[in-house]
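Engineer: Here it is, the structure in full.
The values are calculated or read from the model by the stated rules, or taken from the named source; none is laboratory data. Since we're looking at a predicted model, the values are computed, not measured. Positions of Cβ are backbone-derived with ideal geometry, glycine not excepted, and every protein chain shown enters the neighbour counts. Please note that ligands, DNA and RNA were not included when accessible areas were found on the heavy atoms of the full protein model with its side chains. Shrake-Rupley method; radii C 1.70, N 1.55, O 1.52, S 1.80 Å.
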Amino acid sequence: ELGLMTACQVLWANTNNFNGSMPTEIFAMTELRILQLCNNSLSGTLPSQLGALAFLESFQVEGNNLVGTLPTEMGLLTALTYLGVQTNSLTGTFPTELGRLTELQYLYATKNLFNGTIPNEWSQLVGLQGLFVGNSGLVGTLPTKFGQLTSLLDLWINDNYLAGTLPTEYGKLT
């Protein structure tokens with residue numbers, strides 16, 4: 001049983017034909033550092049139990065059939081450096097709690113059905129190097145405080161419904 005692998009640090013199960021929801025037994029694997037379940041046929045929602053994986057550094061589930069919202073409990077994953085949820089059917093707004101992930105370097109959330117804005121709280125993501133939220137249904141204006149993200153190298157905001165002007169503070173990005 002998957003849940004008995006409590007010392008497992010890497011679960012890499014990309015590009016298979018796995019279907020159904022994410023197995024809840026994964027959340028007993030409390031030593032996980034890398035969880036990759038990309039390009040399968042997983043469905044259902046992302047469970048709130050994800051927040052219990054305190055050592056998780058990389059979480060990638062892109063290319064599945066996941067629906068629902070990003071759980072606010074993902075804000076508890078303070079060791080996370082890579083979050084990849086692109087190419088699913090995720091909805092709702094981006095959780096402000098993700099602003100707590102100060103180790104996060106890359107956030108990939110393109111090609112989903114989100115709505116709402118990019119949270120101002122994300123300006124606390126001081127280690128962020130790449131933010132990819134193109135084609136995600138975003139509205140509103142861009143947070144001016146993103147000009148403080150001096151580590152940001154890639155900002156992909158294409159094919160959304162963003163409006164207003166590009167903040168002059170973005171000129172501080174190097």
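Engineer: Return the residues of the stretch 82-96 that are surrounded by 18 or more Cβ atoms within 10 Å (Cβ to Cβ) and among the hydroxyl-bearing types (Ser, Thr, Tyr); say none if nothing qualifies.
Structural biologist: If the condition is that a residue be surrounded by 18 or more Cβ atoms within 10 Å (Cβ to Cβ) and among the hydroxyl-bearing types (Ser, Thr, Tyr), then TYR82, THR87 are the ones that fit.
Engineer: Further question on the same structure: With the requirement that a residue be in contact with a strand residue (DSSP E or B) (Cβ under 7 Å, 6 or more places away or on another chain) and surrounded by fewer than 20 Cβ atoms within 10 Å (Cβ to Cβ), what does the stretch 69-80 give you?
Structural biologist: Passing the criteria: only THR69.
Engineer: It is to be established whether one or more residues within the stretch 54-64 are open to solvent by 40 Å² or more (accessible area, probe 1.4 Å) and outside any loop (DSSP other than H, G, I, E, B).
Structural biologist: no
Engineer: So, one more: In the stretch 1-45, how many residues are small (Gly, Ala, Ser), exposed (fewer than 14 other Cβ atoms within 10 Å of the Cβ) and over 22 Å from THR87 (Cα atoms)?
Structural biologist: The number of residues fulfilling the criteria is 2.
Engineer: Can you tell me which condition THR168 does not meet? The list is (1) polar (S, T, N, Q); (2) surrounded by 15 or more Cβ atoms within 10 Å (Cβ to Cβ); (3) at negative phi, and all the others hold.
Structural biologist: (2)
Residue-wise test of (1) open to solvent by 20 Å² or more (accessible area, probe 1.4 Å); (2) out of contact with any helix residue (DSSP H, G or I) (no Cβ under 9 Å at 6 or more places or on another chain).
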| position | (1), (2) |
| --- | --- |
| VAL67 | yes, yes |
| LEU98 | no, no |
| GLN105 | yes, yes |
| ASN112 | no, yes |
| PHE146 | no, no |
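Results for (1) touching a Phe, Trp or Tyr at 6+ places or on another chain (Cβ under 8 Å); (2) closer than 20 Å to THR168 by Cβ, shown as yes or no for each residue.
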position	(1), (2)
ASN88	no, no
THR91	yes, no
LEU98	yes, no
THR102	no, no
THR110	yes, no
LEU113	no, no
SER123	yes, yes
SER151	no, yes
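Engineer: So is LEU104 under 12 Å from the mean Cα position of the chain (by Cα), part of a loop (DSSP other than H, G, I, E, B) and among the aliphatic types (A, V, I, L, M) or not?
Structural biologist: Yes; evaluated as a whole, the condition is true for this residue.
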